[in-house]
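Note sheet for the following structure.
Since every read-out is calculated from the coordinates, none of them should be taken as a lab result. Because the structure is a prediction, the values reported are computed rather than measured. Note: ideal-geometry Cβ built from the backbone for every residue, glycine included; neighbour counts use all protein chains shown.
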Amino acid sequence: MLHPGDETDVEVTISIRQEFGDVVHDTVVLTEPAQPEELVVRTTARAFPPIRIEDVTPADGMVLLSSDKPKPVEFRVHAYGSSTELAVDLDRVELRSTVKVDWLGPREEPASEDDLTVQTRRFTALLDPAGPPGERKAEIVLQDGKRLSYSHVVSWEAASPLTASPKMVVMKPGERDYRILIQSRDQKAFRITRIECEARGVLGRAASTTAGASQMVEVECQVALRAQGGQGLITVFTDHPGQRKVGVPFVVID
């Protein structure tokens, strides 16, 4: 019981769970008898994770299949600690992953504030474009002896050098105002060498014979294709060094 003029300490324990950065916690103190207004004790803190990984190389999330070698991307590891809870020693941590990963040098210890200790260390990962187009991901594990310290997932897309827009052409018989834009992601100039379609009555031609980073294909549908299911594939052949053909599906409607 507190008498007029008495004081006491209120101990507040903040559970940050997975929160990092600035944390604000309000504690409501209940009294008997109750006060006209709530007595709120506000506690603020700045929470740091034991380990944090940031991207150093601006990642566009894409690796072209025509690349001569895997794409290197760089990361920086931050390890935080204090006088009572030591930071993970980044010079002892090993990198493990299904992609090639290597440290780029020893740890560094930048200046820190108050009781906080900080270590940083950079590493690189090679994103391999080998295989079919599609999304890829790999887990990078930081291991301190037999203890797992941290894991980080890196994602990227293995993409074809040439893209077609639209990805599918919807046509009507007897109309010829259909265009397909073929573009080079790596900005290498190319020409369209020929255009093929197994469906009778679907014809395509290149709008230009001059090399460029993009080419336009003009398509004409002369007859209905009900006997062939009303759909098929237009194959555009090119002299691009990284991709010799692009397939564009089509469907014919009445």
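Of Lys69/Lys188; Lys71/Lys137; Lys100/Lys146; Lys172/Lys245, which pairs sit farther than 22 Å apart, going by alpha carbon to alpha carbon?
Working: Lys69/Lys188 17 Å; Lys71/Lys137 14 Å; Lys100/Lys146 20 Å; Lys172/Lys245 25 Å.
Flagged as over cut-off: Lys172/Lys245.
Here volume of the Cα convex hull per residue in Å³ was calculated from the structure, and among [x] 176; [y] 269; [z] 109 it sits at label [y]. Centre-to-centre, using Cα atoms only, the stretch 90-153 and the stretch 183-208 are separated by 44 Å. Each residue of the stretch 167-183 was assigned a 3J(HN,Hα) from its phi angle through the Karplus expression (A = 6.51, B = -1.76, C = 1.60, θ = phi - 60°), giving 6, 9, 9, 9, 10, 10, x, x, 9, 10, 8, 10, 10, 10, 9, 9, 10 Hz with x at Gly and Pro.
So what is the diffusion coefficient of the stretch 162-252 in µm² per second by Stokes-Einstein at 37 °C and 0.692 mPa s, using a Kirkwood Rh over Cα pairs?
Details: Rh = 13.2 Å.
For these conditions, the coefficient is 249 µm²/s.
For the stretch 105-170, applying the loop criterion from DSSP together with a ceiling of 10 other beta carbons within 10 Å to the GluC sites (Glu not before Pro) yields Glu113. Comparing mean-square fluctuations of Leu95, Leu64, Leu86 from a GNM of the chain with C-alpha springs under 10 Å, the top value falls on Leu86. Estimated from the Cβ-Cβ distance and a Förster radius of 41 angstrom, the FRET efficiency linking Glu85 and Asp186 is about 0.25. For the chain, modelled as a GNM with alpha-carbon contacts under 10 angstrom, which of Val29, Val93, Val219 fluctuates the most? Maximum fluctuation in the GNM of the chain, among the listed residues, is at Val29.
At 25 °C and 0.890 mPa s, grab the translational diffusion coefficient of the stretch 51-159 from Stokes-Einstein with a Kirkwood Rh over Cα pairs, rounded to a whole number in µm² per second.
Estimated via Stokes-Einstein, D reaches 163 µm²/s.
Placing dummy labels 7 Å off each Cα toward the beta-carbon, the span from Thr235 to Thr31 is 8.6 nm.
Just to be sure I understand: with springs between alpha-carbon atoms less than 10 Å apart, which residue in Arg42, Arg52, Arg200 has the highest mean-square fluctuation in the Gaussian network model of the chain? Comparing Arg42, Arg52, Arg200 in the GNM, the peak value goes to Arg42. Projecting label points 7 angstrom from Cα along Cα→Cβ for Met62 and Glu220 puts them 3.3 nm apart.
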